[in-house]
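Working notes, beginning with the structure itself.
The values are calculated or read from the model by the stated rules, or taken from the named source; none is laboratory data. Everything quoted here is computed from the prediction, not taken from an experiment. Cβ atoms come from the backbone with ideal geometry, glycine included; neighbour counts cover every protein chain shown. For accessibility, only protein heavy atoms count, side chains too; no ligands or nucleic acids. Shrake-Rupley method; radii C 1.70, N 1.55, O 1.52, S 1.80 Å.
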Amino acid sequence: RKHLEVPGASEDFHIRHAVIGVPAHFSKRQIALVEQAARLAGLDGTIATCMESTAAAMAYGLTLQETSNEANIMVIDMGGGTSDITIACKKNTKNEDVDLVDTVASYQVLVTMGEERLGGDDIDQAIMEYCLDQAKASDHALSTSQKFDWTELQRSCRNAKERLCDLESPSPSQTIPISCDSRNKRAEIEIDQQRFEKVLEPCLDRARNLIRRVMQSFEQVS
């Protein structure tokens, strides 16, 4: 059990209800386990679940300055280990209650689809495999060793990915260090934008195929 606290709330404040985001690929059994965990955490009111990419589509729609009363929103959510896509239709309707806002936004989920083995971790793994192959090809001692600092290598690959993907000022290249504990060896592998995109290609192909499947489903329901 875990006591839920809200910063700044009074001592008698108690959270009873919740909407919980879940990945798009979750089965009914997995969603039921999430709801059960919420009960164990002390939530005794209404528990609702919403797919994470659907929640993102709703949040995005709330910030849209659309003049039209209807808009289709597609959200691609690539997390650490999963990818979720939702296409939702946002509709603005006039509110008859004058005490409230003039319009109320409603959302209809048209398509939702996910890939449970595609995310940022897969990109990190692809960069790690590329760096290890390059290091082993250039140094025989590294090629015969099995004792690498995997934690540090993964961290270095993730940092390199983030710098190469920076939207404001992407780095033209990054150097990734590789340490070998057993032979006290160390190598540095440089990866530039062109090579980085080549390493990413298999992951990007899978992402494109997922988007194509979602668009095909959208065409069928629209």
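Could you check, for the stretch 13-24, whether at least one of its residues is open to solvent by less than 90 Å² (accessible area, probe 1.4 Å) and either among the hydroxyl-bearing types (Ser, Thr, Tyr) or assigned to a helix (DSSP H, G or I) (or both)?
Here is the first cut: in the stretch 13-24, the ones open to solvent by less than 90 Å² (accessible area, probe 1.4 Å) are 15, 18, 20-24.
Still in the list and also either among the hydroxyl-bearing types (Ser, Thr, Tyr) or assigned to a helix (DSSP H, G or I) (or both): none.
No: zero hits.
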When both residues are 6+ apart or on different chains and their Cβ atoms are under 7 Å apart, which pairs have a first residue that lies in the stretch 113-141 and is within 30 Å of Met74 (Cβ to Cβ), and a second that is open to solvent by 80 Å² or more (accessible area, probe 1.4 Å) and assigned to a strand (DSSP E or B)?
Gly119/Met78; Gly120/Met78
When the stretch 92-149 is examined, which residues are found to be of a type in the set (A, V, I, L, M, F, W, C), out of contact with any Pro (no Cβ under 9 Å at 6 or more places or on another chain), under 30 Å from Gln30 (Cβ atoms) and at pLDDT 75 or above?
Val109, Leu110, Val111, Met113, Leu118, Ile123, Ile127, Met128
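Does the stretch 52-74 hold any residues that are outside any helix (DSSP H, G or I) and either at pLDDT 90 or above or open to solvent by 60 Å² or more (accessible area, probe 1.4 Å) (or both), and which are they?
Taking the stretch 52-74 as the starting set, the residues that turn out to be outside any helix (DSSP H, G or I) are 64-74.
Within the stretch 52-74, Gln65, Glu66, Thr67, Asn69, Glu70, Asn72, Met74 meet the criteria.
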